[in-house]
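Data block below; observations after.
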Amino acid sequence: MPDTSNTPTSPLDQAFRAAMRRLAATVTVLSARDAEGRRCGMTATAVTSVSAEPPALLACVNRSAALHAHLGLGQSFCINLLHTGQQPVSDIFSGGAEGPARFATGAWQDDAEAVPYLLDAQANIFCAVEAIHAYGTHGIFIGRVLRVLCQGNIAPLVYQDGRYMRTQPLDQP
Ligand SMILES: Cc1cc2nc3c(=O)[nH]c(=O)nc-3n(C[C@H](O)[C@H](O)[C@H](O)COP(=O)(O)O)c2cc1C
């Protein structure tokens, strides 16, 4: 059996982190309500499409993140895809503020189920948690898509190499 043990500073860990810096991803904010009815949310790039039929996505949330405890089975939440003008929202939702105070940054509204969503995001993907898989440091939350809103031109805020970026077509120098 190969030794798959790892420590935070091992060569494998460093190589993994170096590779992840090359995995460009659209920045999202996951938003929901906690059991007490308070708004909660966090910045996440570990979000990807899982299935077309039924439409579903997954989001990987660190067990140390406050949101992890608030996303239970059946819980409604929203995946807000940020555009290039929304870096301040990403900064706030990744530690720039704490708890419900995060929602003072950005044009947040509540849907009919009181799920907070970012009004001028690229897209709002409303989901219900349909499955949760624990793996290592993270929880993998499968969100069954219930409703989608899209607005504006496609100009996603992208995170790559520890920096915010924008996309550009290869055929435009
Ligand atoms: C661009 C970016 C992407 C991130 N993606 C994730 C992610 O996919 N999953 C995750 O658990 N944390 C991610 N984080 C870290 C969390 O946003 C951050 O730890 C947040 O403060 C956790 O929420 P909390 O402070 O309420 O516990 C990301 C941070 C940044 C800046």
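The set of residues in segment 10-32 being farther than 28 Å from Val129 by Cβ and part of a helix (DSSP H, G or I) consists of Pro11, Leu12, Asp13, Gln14, Ala15, Arg17, Ala18, Ala19. For segment 84-109, a residue qualifies if it is hydrophobic (A, V, I, L, M, F, W, C), in contact with a strand residue (DSSP E or B) (Cβ under 9 Å, 6 or more places away or on another chain) and either touching a residue at least 60 places away in the same chain (Cβ under 8 Å) or more than 10 Å from the ligand (Cβ to nearest atom) (or both), and the qualifying residues are Val89, Phe93, Phe103, Ala107, Trp108. Please tell me if Asp34 is buried (at least 16 other Cβ atoms within 10 Å of the Cβ), touching a strand residue (DSSP E or B) at 6+ places or on another chain (Cβ under 8 Å) and either under 18 Å from Cys150 (Cα atoms) or modelled with pLDDT of 95 or more (or both). Criteria met by Asp34.
Yes or no, residue by residue, for (1) closer than 20 Å to Arg147 by Cα; (2) near the ligand (Cβ under 9 Å from one of its atoms):
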site	(1), (2)
Val47	yes, yes
Val50	yes, no
Glu53	yes, no
Ala56	yes, no
Val61	no, yes
His68	no, yes
Gln75	yes, no
Cys78	yes, no
Leu82	yes, no
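Criterion applied to Asp110, Asp171 was being touching a Phe, Trp or Tyr at 6+ places or on another chain (Cβ under 9 Å), surrounded by fewer than 17 Cβ atoms within 10 Å (Cβ to Cβ) and of a type outside the set (Ser, Thr, Tyr), and the one residue passing it is Asp110. All of (1) of a type in the set (D, E, K, R); (2) over 21 Å from Asp34 (Cα atoms); (3) without any contact (Cβ under 8 Å) to a residue 40 or more places away in the chain hold for Arg166 with one exception: (3). Scanning segment 117-155 for residues that are surrounded by fewer than 15 Cβ atoms within 10 Å (Cβ to Cβ) and touching a helix residue (DSSP H, G or I) at 6+ places or on another chain (Cβ under 7 Å) yields a single hit, Ala155.
Select the strands (runs of 3 or more DSSP E) contained entirely in segment 116-173, then report the ones holding at least 1 residues which are more than 12 Å from the ligand (Cβ to nearest atom) and modelled with pLDDT of 95 or more.
Numbers: elements: 116-118, 123-135, 138-150, 158-160, 163-165.
Once the strands (runs of 3 or more DSSP E) in segment 116-173 are filtered for at least 1 residues that are more than 12 Å from the ligand (Cβ to nearest atom) and modelled with pLDDT of 95 or more, what remains is 116-118, 123-135, 138-150.
Selection of segment 61-75 for residues being surrounded by fewer than 18 Cβ atoms within 10 Å (Cβ to Cβ) and in contact with a strand residue (DSSP E or B) (Cβ under 7 Å, 6 or more places away or on another chain) yields Asn62, Arg63, Ala66, His68, Gly72, Leu73, Gly74.
Filter segment 35-45 down to the residues that are touching a Pro at 6+ places or on another chain (Cβ under 8 Å) and either near the ligand (Cβ under 10 Å from one of its atoms) or in a strand (DSSP E or B) (or both) and list them by number. Hits for segment 35-45 are Arg39, Cys40, Gly41.
The values are calculated or read from the model by the stated rules, or taken from the named source; none is laboratory data. This one's a predicted model, so the numbers in the text were calculated from it and none came from an experiment. All Cβ positions, even for glycine, are placed from backbone atoms using ideal geometry, and neighbour counts span all protein chains on display.
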